[in-house]
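Peer 1: First the structure, then my questions, so here it is.
The values are calculated or read from the model by the stated rules, or taken from the named source; none is laboratory data. The shown structure was predicted, so the numbers you read here are calculated from the model rather than taken from an experiment. No Cβ is skipped: glycine too gets one built from the backbone with ideal geometry, and neighbour counts run over all protein chains shown. Heads up: the accessible areas ignore ligands, DNA and RNA and are worked out on the full protein's heavy atoms, side chains in. Shrake-Rupley method; radii C 1.70, N 1.55, O 1.52, S 1.80 Å.
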Protein chains: 2
Amino acid sequence: MTGGKTVETSRVGRPRSEKTRLAILEAAADLLVEGGFSAITIESIAARAGVSKVTIYKWWPSRGSVAIDAYFHRFRQTLTFPDTGNVAEDLLAQMLILIGAFRGRAGEIMAELIGQAQSDPELADTIRTGWMQPRREVTALVIQRAIDRGELRPGLTIPILMDELYGPIYFRLITRYEPLSDEFAQELVRNTLEGVLSTRSSIK
Amino acid sequence: MTGGKTVETSRVGRPRSEKTRLAILEAAADLLVEGGFSAITIESIAARAGVSKVTIYKWWPSRGSVAIDAYFHRFRQTLTFPDTGNVAEDLLAQMLILIGAFRGRAGEIMAELIGQAQSDPELADTIRTGWMQPRREVTALVIQRAIDRGELRPGLTIPILMDELYGPIYFRLITRYEPLSDEFAQELVRNTLEGVLSTRSSIK
DNA sequence: CGCGTTTGTGTACGCATCGTTCATGAAGTA
DNA sequence: TACTTCATGAACGATGCGTACACAAACGCG
């Protein structure tokens, strides 16, 4: 539920300390970067932020929710809407930004957060609505524009195409079977758009 | 490390009790099915199997390794090698078996195991070598045959194509954004092979 | 100004689980 | 029989959890 944002502060009484809120998020983000999700404990955050445990429990329901808030606080990127008129370029541009971030510490932490979400439905929901959803909306726009321009087949199911594009990325992020290289992204986009059958390889 | 298999038993002395080993795996599998990964604790397994904690610690290095051994013990499926002469059919057949299993409890548990693997490198390695690798080898065979037959482009990178096919599956398994339906698998295979560009939609 | 309300602190507690240690007995081989 | 290895049972210190209590701090309102 990411209590840090959804819990309403009442108008009367002592107002919530923004300084304390930020201290908690910064401390949690530091711990995430240094030691990963397992380094996040309510006690460690409280100690590092110079804050009482009770204060954290008051605003966040679980350590997972603090972690994801801290992640967004530090790694949230501005979503770009490329529009070059060429769907391959648009998709690739989006993708390169994402995997560029995922190659660093942000990727390792995201993998851990997704991992924890497998046994924490609330965390899973936060990731879906706070991370996946906005990105999927941007991608859906790019795809819809390409359909409107006649670049893509009109009959295709947009969510499936998005899974084809980003599923492999998250798969590599999580399995670490192969690296998230730029070349991978390039061939991924090309294959997805053009297919892999040899009967069409002569075309273009 | 899945100590249950890799730790060598010496030739002298009291031999390892097979009955105890199976009792541990059965108990762990039961707990997995009933309560998921979080229900797996060394203490709960020991209690259920009627076995000492120390015995478990002797043979497995972590609860994750017991869990994955228990999962394989119960859900290991026989890998099929379809060879119809049509790459689309071969891939789809493989895929339908997998997502059929993933729609059930086995899928939920696999998602949890992958999740835990994000903060347990040893568990991650066990999943790679014990689960992913054998499946990828089968798929690579199917793809290689199709290349040899001339069905697929010779220049394509096989690991990337495999990620295109199975990345979206695991992505849906883990994000639960959309269901793992048979229709999804069908469109996924078709799109992957033929591409999604409209300029080629008229062909065939 | 003083009051009520809400936020934040500090301490302490009971609880659960972890991973390990130790002494002891059981079950095989040489 | 001597030796080795396996398995048990009970106990331990450590860690983090979530909560309770009393108290101090900061704000709006009458």
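Peer 1: I'd like the accessible area for B:Ser181: 1.4 Å probe, protein heavy atoms, all chains in place, Å² to the nearest 10.
Peer 2: Its accessible surface works out to 30 Å², give or take rounding.
Peer 1: May I ask you to report, in nm to one decimal and beginning with the shortest, the distances from A:Arg103 to the same position in the other copies, taking label points 7 Å along Cα-to-Cβ?
Peer 2: 4.0
Peer 1: Quick check on chain B: helices-only [θ] at 222 nm, where DSSP H runs of length 4 and up contribute -39,500 (n - 2.57) each and the sum goes over total residues. Nearest 500, please.
Peer 2: Taking each H run of at least 4 residues, the total per residue is -20500 deg cm²/dmol.
Peer 1: Suppose R0 equals 45 Å. What FRET efficiency, 1/(1 + (r/R0)^6) with r the Cβ-Cβ distance, do B:Arg128 and A:Gln144 give to the nearest 0.05? List each step's numbers first, then the result.
Peer 2: Values: r = 37 Å, r/R0 = 0.82.
Approximately 0.75, to the nearest 0.05.
Peer 1: Starting from the alpha-carbon convex hull of region A:3-74, give the projected area averaged over all orientations, in nm².
Peer 2: Numbers: hull surface 17.7 nm².
The orientation-averaged projected area of the Cα hull of region A:3-74 comes to 4.4 nm².
Peer 1: Moving on. Can you give me the % of accessible surface on chain A that is carbon or sulfur? Probe 1.4 Å, all protein chains present, nothing else counted.
Peer 2: Working: 5030 of 9240 Å².
Answer for chain A: carbon and sulfur cover 54 percent of the accessible area.
Peer 1: Using a 1.4 Å probe and ignoring any ligands, DNA or RNA, find the accessible area of A:Arg105 and quote it in Å² to the nearest 10.
Peer 2: 70 Å²
Peer 1: Compute the accessible area per residue over region B:15-74, keeping the other protein chains in place, probe 1.4 Å, unit Å². Walk me through the intermediate numbers first.
Peer 2: Numbers: 2680 Å² over 60 residues.
About 45 Å² of surface per residue is accessible.
Peer 1: Binning at 10 Å from 0, report for the protein assembly as shown what percent of all alpha-carbon pair distances ends up in each bin.
Peer 2: 4, 20, 27, 24, 16, 7, 2, 0
Peer 1: Take the Cα gyration tensor of region A:77-195, multiply each eigenvalue by 5, square-root it, and list the three semi-axes largest first, rounded to whole angstrom.
Peer 2: Working: eigenvalues 123, 54, 34 Å².
So the three semi-axes of region A:77-195 are 25, 16, 13 Å.
Peer 1: Run a plain Debye calculation on chain B (Cα atoms as equal point scatterers, no solvent) and give log10 I(q)/I(0) at q = 0.08 Å⁻¹, rounded to two decimals, same order as the q list.
Peer 2: Each listed q corresponds, in turn, to -0.36.
Peer 1: Run the dipole for the protein assembly as shown about the Cα centre, Lys and Arg Cβ at +1, Asp and Glu Cβ at -1, nothing else charged, and hand back the magnitude in debye, nearest 20.
Peer 2: 1000 debye
Peer 1: Okay, next question. In whole angstrom, note down how far apart the Cα centers of region A:171-186 and region A:23-92 are.
Peer 2: Region A:171-186 and region A:23-92 have Cα centres separated by 23 Å.
Peer 1: Nearest 100 Å² is fine: what is the total accessible surface buried where chains A and B meet, probe 1.4 Å? Show your work: numbers first, answer last.
Peer 2: On the way: alone 11680 and 11700 Å², together 18510 Å².
About 4900 Å² of accessible surface is lost on pairing.
Peer 1: At 7 Å along the Cα-to-beta-carbon direction for both A:Arg16 and A:Glu178, put a label point, then send me their distance in nm to one decimal.
Peer 2: Between A:Arg16 and A:Glu178, the simple spin-label model gives 4.5 nm.
Peer 1: Net charge around A:Leu96, counting only other residues with Cβ within less than 15 Å of its Cβ (Lys, Arg = +1; Asp, Glu = -1)?
Peer 2: Around A:Leu96, the charge tally is -1.
Peer 1: How many lysine pairs are close in chain B, with Cα atoms under 23 Å apart and the two 8 or more places apart or on different chains?
Peer 2: Value for chain B: 5.
Peer 1: Any idea which of B:Pro168, A:Pro121, B:Gly104 is furthest toward the positive side of the dipole for the protein assembly as shown, if Lys and Arg beta-carbons carry +1 and Asp and Glu beta-carbons -1?
Peer 2: Of the candidates, A:Pro121 comes out farthest on the positive side.
Peer 1: Of A:Lys58, A:Lys19, which has the most accessible area with a 1.4 Å probe, and how do the rest follow in descending order?
Peer 2: A:Lys19, A:Lys58
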